[in-house]
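Student: My structure is below; once you've seen it, I'll send some questions.
The values are calculated or read from the model by the stated rules, or taken from the named source; none is laboratory data. All of these numbers come straight from a predicted model, not from anything done at the bench. No Cβ is skipped: glycine too gets one built from the backbone with ideal geometry, and neighbour counts run over all protein chains shown.
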Amino acid sequence: MAEMELIKETGDVELLSFRISEQEYSLDIMSVREIRSWTKATPLPHSPSYVRGVINLRGTVLPIIDLSARLGLEKSEQSERDVIIVVHMFDQTVGLLVDAVIDILAVPHNEMQQPPEIGTDTGPAFVNALTLVEGRMIRLLDLASIMPRTEGKAA
Amino acid sequence: MTSTDPMAEIRASFFIECEELLESLQDGLEALGSGDSDPETINIVFRAVHSIKGGAGAFGLDQLVEFAHSYETVLDGVRSGETEITPDLMRLLFQSGDILSDLVRLSRDDEPIEKSLTEATYAALKEVAGSSDEEEPEADIDFQPMGLAFDFADLAEEKNAFIITFKPEAELFTSGNEPLHLFRTLAELGNITVTCDASALPIIEDMDIAQGYLSWTLRLETDAEKTAVQEVFEFVEGLCDLKIEDDIDLPALPDLAPLEPVAETVSEAIVPLSATAPSAPAEAKTAAAPKPTVRVDLERVDRLVNLVGELVINQAMLSQSISDTGIPGSSEIATGLEEFMRLTRDIQDSVMMIRAQPIKSLFQRMSRIVRESSAAIGKDVKFVTEGENTEIDKTVIERLSDPLTHMIRNAVDHGLESNADRVAAGKPEQGIVKLSAIHRSGRVIIEISDDGAGINRPKVQQIAIEKGLIAKDTQLSDAETDNLLFAAGFSTATEVSNLSGRGVGMDVVRSAIQSLGGRISIASTPGSGTTFTISLPLTLAVMDGMVINVADQAMVVPLNSIAETLALTQNDIEQLGPNKHLVRNRDTFVPLLDLGVELGYRHALPSYEGAVVLLISQEDGSRAALVVDTIQDQRQVVIKGLEESYGRVPGVAAATILGDGQIALILDPTDIISNASLGAAPDDAPFAIAG
């Protein structure tokens, strides 16, 4: 929670933005550990379709989540240029598979907007906030709802 | 990101220290209980309690201090010989030790301490302390007066004088001690003169700031006894050269000139000593000190284990690429690589050894369980341990605690007969529960045995029939009957006693042991007792496995679960119903499971003729033939947890990293077999990868 206080003090949120299926998403940079190039994952049996499997991250087992599948977007063509963003949150480390990393942005805290509610959407809200940077809409991902914990147990 | 609170760290290390102290306390008590009246043993016990009290005082843990203090007072009585060691006293001392460890635990977890926990024992301690009318010789630093009867009368008139020579070593300073504080404490005891000897001080260029060069000579006039003076230095023992001598020549005469001349002569006498051999005493000390140890964060060890795992993988990759280039085996590169391989293996073994710990702490906990459970049901039980220095992986020790506790309780509660029954059977009244550990062929064997009546087999069968575990007319061998104890939902206690019947049966014990990669077996002789034998792997970090391929995925099957491997011929396969197959193996039928289908990797093969199967045989008697695509080889693999990073995956026990750097899953055949028997509809299952 110290991180949140820090944000309020400085007024800026630092975001890492990346592309998934032609949409620009972002994550609080504090939760990002490293960025890696794509390596072949070992698939896990009986896992949800968005879990690509596990890779070897310097001797530890890292689960890989295909973000486009997780967000219900069209599955992007698997390419060598895909990138894995390693994030750590709630004592869990996972790799998020994205199409490409774009930029690091500093967004003033008060420029973050609540995403508008559309109809009676009951699906999980993966997006926490929206903001505009140079005319592009950036979506801030809610990591907690992406983590596979509950699904992993249920599968 | 995590801010570290230095105070919290010190507190944490205090509690770690407490655990070691409690361990030596237990050791000492056990030695005392078995008739060892060596003053050093009593001293060890006393010092352990004293150190806990001192630390607790610094952290303001008043209840702990209070209890430790009365405990210490009684122990001091024992030390001075005023309190006699009787069986009753021993019981009290043990009980107090248990409560002390409870208090330490509660204080550590910041949990409230119920008064009722300490009350009775505290009163008993005070009674003993009061009756011995013991004087407290030590210099108390920070705590409440206890209302004990102290008798200073015979000491008031005497003036003692001591010459103390004190030369700290570098470790004294690194462990956070400070001579000034010691001197201040001494000054509280009486008149003190301090002379500093700076002759060992080198010129400033040669000075190493981490070294201590100063030594001191102190003259102390005091009412206190020598022991009180020694106690001031208790916490720096072994960290300094210390001599405390009676100053006989100089009775404290009031008209004597200032004390400087005295101090000078003494310091002169001391100088040559430190001048002739400036560093020798330090070396001699370290040789005599107990085996030095370092306390290391487990996380760091695990990181090292991971790195070594990486090293092993890297080395395998290197070997692979060098043999691919066609360099002859006799070349320097090849021999150098061989040496590298050997070194890697040595490093791996040594790193695994770091995680190993003597099983002693676990055995000590069990000795408490025996004391408490035997007292609760009024049986006289002797607890014997053997091989408590046997080393085993730390995680295994932690996870053994619950199953062992349960088994020890069972041994006391059900295994041993009541005292009266024992006498009637012509046995000694005191029952024996024995716990032993030994290394045998790469595994650790732990045995829990009692000299009770043995398993009442007719009763076991009757209960099993009542609970519907076996059919009424089943004919069982003795071993089969004994194994019924492990069946789920079985408990022999006709009435739920205070001890057993906590909702855990031997089936839970067995699955706990199995989850550690262990096996448990039972042997019983009517009239002379029951023995449970647990066999465990030395470490959870490596395992022998068979590397196989299924649907282009490399996987590992634990070698100890594979009975044999077969290539199927048409004659071996029998069909049962629309899509079940059986394998005929030596005139028995084993269900055929297609691993690719069970894992959801591909559809069933059209024909299993010529397929390679692993014949799996489990200790619980379940058998299955797993169809795999190919068998690669057999090797030792480093186990990586999957549950922490992802969660439980059905049919998968863990993961490992193969020579190409890829992760391979380690399968759990038991889980695969039991999931398969649930009868999922294989054709509708989603596939992680397309066949």
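Student: Considering only the range A:30-49, state which residues are assigned to a strand (DSSP E or B), among the hydrophobic types (A, V, I, L, M, F, W, C) and within 13 Å of chain B (Cβ to nearest Cβ).
Tutor: Answer for the range A:30-49, where residues must be assigned to a strand (DSSP E or B), among the hydrophobic types (A, V, I, L, M, F, W, C) and within 13 Å of chain B (Cβ to nearest Cβ): just A:V32.
Student: Of the residues that make up the range A:71-83, is at least one under 17 Å from the mean Cα position of the chain (by Cα), within 14 Å of chain B (Cβ to nearest Cβ) and either at positive phi or buried (at least 17 other Cβ atoms within 10 Å of the Cβ) (or both)?
Tutor: No.
Yes/no matrix, rows are residues, columns are (1) at pLDDT 85 or above; (2) within 20 Å of B:G596 (Cα to Cα); (3) in contact with a Leu (Cβ under 6 Å, 6 or more places away or on another chain):
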site: B:T533; (1), (2), (3): yes, no, no
site: B:I548; (1), (2), (3): yes, yes, no
site: B:A551; (1), (2), (3): yes, yes, no
site: B:M555; (1), (2), (3): yes, yes, yes
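Student: Okay, next question. Among (1) polar (S, T, N, Q); (2) surrounded by fewer than 22 Cβ atoms within 10 Å (Cβ to Cβ); (3) touching a helix residue (DSSP H, G or I) at 6+ places or on another chain (Cβ under 6 Å), where does B:S373 come up short?
Tutor: (2)
Student: Among B:G60, B:G77, B:G28, B:G55, which is the only one that is outside the structural domain of B:K382 (by TED's automatic domain parsing), in a helix (DSSP H, G or I), over 27 Å from B:V294 (Cβ atoms) and of a type in the set (G, A, S)?
Tutor: Working: B:G60 fails: in a helix (DSSP H, G or I); B:G28 fails: over 27 Å from B:V294 (Cβ atoms); B:G55 fails: over 27 Å from B:V294 (Cβ atoms).
None of the others qualify; the one that does is B:G77.
Student: Can you list the strands (runs of 3 or more DSSP E) lying wholly within the range B:562-655 that have 2 or more residues being more than 14 Å from every other protein chain (Cβ to nearest Cβ) and modelled with pLDDT of 85 or more? Before the answer, list the steps.
Tutor: Working: elements: B:562-567, B:573-576, B:580-585, B:588-594, B:612-617, B:623-628, B:630-638.
So the answer is B:562-567, B:580-585, B:588-594, B:612-617, B:623-628, B:630-638.
Let's see how each residue does on (1) modelled with pLDDT under 80; (2) within 21 Å of B:G454 (Cβ to Cβ); (3) buried (at least 19 other Cβ atoms within 10 Å of the Cβ):
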site: B:T481; (1), (2), (3): no, yes, yes
site: B:L485; (1), (2), (3): no, yes, yes
site: B:F490; (1), (2), (3): yes, yes, no
site: B:V496; (1), (2), (3): yes, no, no
site: B:S500; (1), (2), (3): yes, yes, yes
site: B:G503; (1), (2), (3): yes, no, no
site: B:V509; (1), (2), (3): no, yes, yes
site: B:I513; (1), (2), (3): no, no, yes
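Student: Which of the numbered conditions does B:D349 fail, given that it passes all the others? Conditions: (1) surrounded by 11 or more Cβ atoms within 10 Å (Cβ to Cβ); (2) over 21 Å from B:L538 (Cα atoms); (3) without any contact (Cβ under 8 Å) to a residue 12 or more places away in the chain.
Tutor: Against the list (1) surrounded by 11 or more Cβ atoms within 10 Å (Cβ to Cβ); (2) over 21 Å from B:L538 (Cα atoms); (3) without any contact (Cβ under 8 Å) to a residue 12 or more places away in the chain, B:D349 comes up short only on (2).
Student: Before we move on, is B:L665 away from chain A (no Cβ under 14 Å) and buried (at least 18 other Cβ atoms within 10 Å of the Cβ)?
Tutor: Considered against the rule, which asks whether it is away from chain A (no Cβ under 14 Å) and buried (at least 18 other Cβ atoms within 10 Å of the Cβ), B:L665 comes out as no.
Student: Next question, about the same structure. Listed residues A:L97, A:L62, A:L27; which is outside any loop (DSSP other than H, G, I, E, B), of a type outside the set (S, T, N, Q) and within 14 Å of another protein chain (Cβ to nearest Cβ)?
Tutor: It is A:L62.
Student: State yes or no: is A:R52 under 15 Å from the mean Cα position of the chain (by Cα), outside any loop (DSSP other than H, G, I, E, B), charged (D, E, K, R) and within 14 Å of chain B (Cβ to nearest Cβ)? Full working, then the answer.
Tutor: Working: under 15 Å from the mean Cα position of the chain (by Cα): yes; outside any loop (DSSP other than H, G, I, E, B): yes; charged (D, E, K, R): yes; within 14 Å of chain B (Cβ to nearest Cβ): yes.
Judged against the criteria, A:R52 is a match.
Student: With respect to A:L6, is the statement that it is over 14 Å from the mean Cα position of the chain (by Cα) and at pLDDT 90 or above true? Show your work before the answer.
Tutor: Details: over 14 Å from the mean Cα position of the chain (by Cα): yes; at pLDDT 90 or above: no.
It is false that A:L6 is over 14 Å from the mean Cα position of the chain (by Cα) and at pLDDT 90 or above.
Student: (1) assigned by TED's automatic domain parsing to the domain that holds B:I192; (2) at pLDDT 80 or above: which one isn't true of B:L307, the others all being true?
Tutor: Answer for B:L307: the failing condition is (1).
Student: Any residue in the range B:394-414 that is surrounded by fewer than 18 Cβ atoms within 10 Å (Cβ to Cβ), more than 20 Å from B:V509 (Cβ to Cβ), outside the structural domain of B:V637 (by TED's automatic domain parsing) and touching a strand residue (DSSP E or B) at 6+ places or on another chain (Cβ under 6 Å)?
Tutor: Taking every residue of the range B:394-414 in turn, at least one turns out to be surrounded by fewer than 18 Cβ atoms within 10 Å (Cβ to Cβ), more than 20 Å from B:V509 (Cβ to Cβ), outside the structural domain of B:V637 (by TED's automatic domain parsing) and touching a strand residue (DSSP E or B) at 6+ places or on another chain (Cβ under 6 Å).
Student: Among the helices (runs of 4 or more DSSP H) lying completely within the range B:283-387, list those that include at least 2 residues that are β-branched (V, I, T) and over 30 Å from A:T60 (Cα atoms). Walk me through it before giving the result.
Tutor: Values: elements: B:298-324, B:332-355, B:360-377.
It comes to B:332-355, B:360-377.
Student: Restricting attention to the range B:658-677, which residues are within 12 Å of B:E310 (Cα to Cα) and in contact with a helix residue (DSSP H, G or I) (Cβ under 8 Å, 6 or more places away or on another chain)?
Tutor: B:L658, B:G659, B:D660, B:G661
Student: Give the number of residues within the range B:409-429 that are of a type outside the set (D, E, K, R) and in contact with a helix residue (DSSP H, G or I) (Cβ under 8 Å, 6 or more places away or on another chain).
Tutor: Total satisfying the criteria: 4.
Student: Now for a separate question. So for the range B:427-447 (the condition being in a helix (DSSP H, G or I), of a type in the set (A, V, I, L, M, F, W, C), touching a strand residue (DSSP E or B) at 6+ places or on another chain (Cβ under 9 Å) and under 19 Å from B:L536 (Cβ atoms)), does at least one residue qualify? First the steps, then the outcome.
Tutor: Narrowing the range B:427-447 to residues in a helix (DSSP H, G or I): none.
Checked the range B:427-447: no residue is in a helix (DSSP H, G or I), of a type in the set (A, V, I, L, M, F, W, C), touching a strand residue (DSSP E or B) at 6+ places or on another chain (Cβ under 9 Å) and under 19 Å from B:L536 (Cβ atoms).
Student: If you go through the range B:50-60 one residue at a time, do you hit one that is over 20 Å from B:A228 (Cβ atoms) and free of Cβ contacts under 8 Å to residues at least 12 places away in the same chain?
Tutor: Within the range B:50-60, one or more residues are over 20 Å from B:A228 (Cβ atoms) and free of Cβ contacts under 8 Å to residues at least 12 places away in the same chain.
Student: Hey, could you check the range B:83-120 for residues that are touching a residue at least 12 places away in the same chain (Cβ under 8 Å) and not in a helix (DSSP H, G or I) and say which is surrounded by the most Cβ atoms within 10 Å (Cβ to Cβ)? Reasoning before the result, please.
Tutor: First, the residues of the range B:83-120 that are touching a residue at least 12 places away in the same chain (Cβ under 8 Å): B:83, B:85, B:89-90, B:92-104, B:107-108, B:113, B:117-118.
Next, only the ones that are not in a helix (DSSP H, G or I) stay: B:83, B:85, B:113.
On the way: B:T83: 19, B:I85: 15, B:I113: 16.
Across the range B:83-120, the extreme among qualifying residues is B:T83.
Student: Sort through B:D27, B:D36 and tell me the only one that's under 21 Å from B:S80 (Cβ atoms), more than 14 Å from every other protein chain (Cβ to nearest Cβ) and either free of Cβ contacts under 8 Å to residues at least 12 places away in the same chain or of a type in the set (D, E) (or both).
Tutor: Just one listed residue meets the conditions, B:D36.
Student: Taking the range B:551-577 as the region of interest, how many residues are under 18 Å from B:T656 (Cα atoms) and charged (D, E, K, R)?
Tutor: 1
Student: Moving on to the next point. Look at the range B:63-82 and say how many of its residues are touching a residue at least 40 places away in the same chain (Cβ under 8 Å) and under 28 Å from the mean Cα position of the chain (by Cα).
Tutor: Result for the range B:63-82: 6.
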